[in-house]
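Colleague: To start, I am sharing the structure in question, which I have written as structure tokens.
All of the numbers you see were taken from the coordinates with simple rules; none came from a lab. Source: prediction; values computed, not measured. No Cβ is skipped: glycine too gets one built from the backbone with ideal geometry, and neighbour counts run over all protein chains shown.
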Amino acid sequence: MEYADLLIETYGRVAVIRLNRPKALNALNDNMMNELGDALYKFDADKNIGCIVLTGSEKAFAAGADIAAMAEYTYADTYPDNYIGRNWEHILNVRKPVIGAVAGFCLGGGCELAMMCDFLIAADSARFGQPEIKVGVTPGAGGTQRLPRTIGKAKAMDLLLTARMIDAAEAERTGLVSRVVPADKLMEEALAAATVVASMSVTVAMAIKDSVNRAFETTLTEGVRYERRYFHAAFGTPAQKEGMSAFLAKRAAKFDGL
Ligand code: HXC
């Protein structure tokens, strides 16, 4: 796959998508988001891939939506075309696990994109924030919605209203990221985590992802019912037969894309 604004690599059953506009700190523009959607859908459909890693550069995961590209926009340029929404949320349609590996600036739309990943591993160099207020706009891809659900109202309001950045340690304390690692170990750690995920049953991983995401859209009782359906359905999969027979035989389970 060749893209203008992305770099693509695969490692066994893991695909790595790297945002790649280094001169603009990976500012997210329309072309990059179209390409990201294209790459994500291709890997989601690829039977040889079990997990996707989304990352940026050492300096920036992404410093936000491209301010230069949108500075002259009018309301009429944005609302009718649903600017941003129409091609930013492809990642939410991906059914396989997506791990975000974040180093450097992760701001504005970059932080919103990161929050659409299933979990985040951060380099100790990572800086998170929603500084949109400083450029006279609100967040537009979930910053006011996913951030308070993730880190709580007080911290979210603090970040959204003051535009201050938090470092990786604070991001881990607040639950925005699952792990912090030294910057030079980021990709090693992200690939190791993704390789573990990709070695599991892709069917079960998808079910877990769907079930967890359901928790944010429904009541607890309905969410547990939803989960229970997947649990029962798992008994109809080869993954359950392999996983449980391997456990009883005291051998490692081999899911091989089941
Ligand atoms: C376009 C950007 C950019 C952005 C950085 N650059 N962020 N270009 N859009 N969001 C460009 C700079 O213009 C500069 O280009 C180059 O990247 C390096 O940036 P510097 O500012 O020189 O670097 P530094 O001094 O290290 O400061 C880094 C920074 C700062 C703190 C991240 O660049 C910054 O504040 N960026 C904007 C962050 C932001 O406001 N994000 C929210 C955007 S609104 P040149 O050509 O001069 O070298 C948004 C809405 C999302 O995201 C809505 C989603 C629906």
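Colleague: Over all distinct alpha-carbon pairs, what is the Kirkwood Rh of the stretch 201-249 in angstrom? The partial results should precede the final answer.
Modeller: Details: mean 1/r = 0.0865 Å⁻¹.
After inverting the pairwise mean of 1/r, the radius is 11.6 Å.
Colleague: Next question, about the same structure. How many nm is it between the label spots at Tyr11 and Val224, if each spot is 7 Å from the Cα in line with the beta carbon?
Modeller: Taking the simple label geometry, Tyr11 and Val224 are separated by 3.9 nm.
Colleague: Cα-based Rg of the stretch 6-198 per 2.2 N^0.38 Å, rounded to two decimals?
Modeller: On the way: Rg = 15.7 Å, N = 193, 2.2 N^0.38 = 16.3 Å.
Against the compact-globule rule of thumb, the ratio is 0.97.
Colleague: Let me ask something else about it. Taking the Cβ of each residue in Tyr226, Tyr73 as the centre, tally the other Cβ atoms inside 10 Å and list the residues starting with the fewest.
Modeller: With the sparsest Cβ surroundings first, the list reads Tyr73, Tyr226.
Colleague: When Leu248, Leu159 are ordered from fewest to most other Cβ atoms inside 10 Å of their Cβ, what list results?
Modeller: Numbers: Leu248 8, Leu159 25.
Ascending Cβ contact count within 10 Å gives the list Leu248, Leu159.
Colleague: Further question: Which number gives the lysine pairs in the chain that have C-alpha atoms under 17 Å apart and are eight or more places apart or on different chains? Numbers along the way, then the final one.
Modeller: Details: Lys23/Lys59; Lys42/Lys96; Lys47/Lys96; Lys47/Lys254; Lys59/Lys185; Lys96/Lys209; Lys241/Lys250; Lys241/Lys254.
So the count of such lysine pairs works out to 8.
Colleague: Here is a follow-up. Just to confirm the filter: which trypsin sites (Lys or Arg not before Pro) across the stretch 44-116 are DSSP coil and have at most 14 other Cβ within 10 angstrom of their Cβ? Display every interim value, and only then the final one.
Modeller: Working: sites: Lys47, Lys59, Arg86, Arg95; in loops: Lys47, Lys59, Arg95.
Passing both the DSSP loop test and the Cβ count: Lys47, Lys59, Arg95.
Colleague: To the nearest 20 debye, what is the magnitude of the charge dipole of the stretch 6-198 about its Cα centre, counting +1 on the Cβ of each Lys and Arg and -1 on the Cβ of each Asp and Glu? If you can, show how the numbers build up before the last one.
Modeller: On the way: 20 positive and 23 negative charges, 83 e Å.
Using only the charged Cβ atoms, the result is roughly 400 debye.
Colleague: Here's something else I'd like to know. Based only on other Cβ atoms within 10 Å, what is the fewest-to-most ordering of Glu2, Glu35?
Modeller: Working: Glu2 7, Glu35 22.
Ascending Cβ contact count within 10 Å gives the list Glu2, Glu35.
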